[in-house]
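The structure appears right after this line, and notes come after that.
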Ligand SMILES: [Zn+2]
């Protein structure tokens, strides 16, 4: 396999839109407590933080994408 992966039914991280990690041919997403899937705990953390900020009413314009 070289880059072109087409998983039928594979989901993407709801935060950074990257494909969810696959380990041993199985989807191994980070599942947040709200049932959403993320590529890792950091995305889940950031999404939660954004959610919280939105709720509070102070939307930060700085979304940092760590690679
Ligand atoms: Zn992500």
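We did not get these values from a lab; they are worked out from the coordinates using the rules stated. These numbers come from a predicted model, not from an experiment. Cβ placement follows ideal geometry from the backbone for every residue including glycine, while neighbour counts extend to all protein chains displayed.
State the extension gain, in nm to one decimal, for the chain segment bounded by residue 55 and residue 11, taking 0.36 nm per residue of separation less the distance between their alpha-carbons. Walk me through the numbers on the way to the answer.
Numbers: separation 44, 0.36 × 44 = 15.84 nm, distance 2.61 nm.
Computed gain between residue 55 and residue 11 is 13.2 nm.
Quote the FRET efficiency, to the nearest 0.05, computed for residue 23 versus residue 48 with a Förster distance R0 of 25 Å and r equal to the Cβ-Cβ distance.
On the way: r = 23 Å, r/R0 = 0.94.
According to the calculation, E is roughly 0.60.
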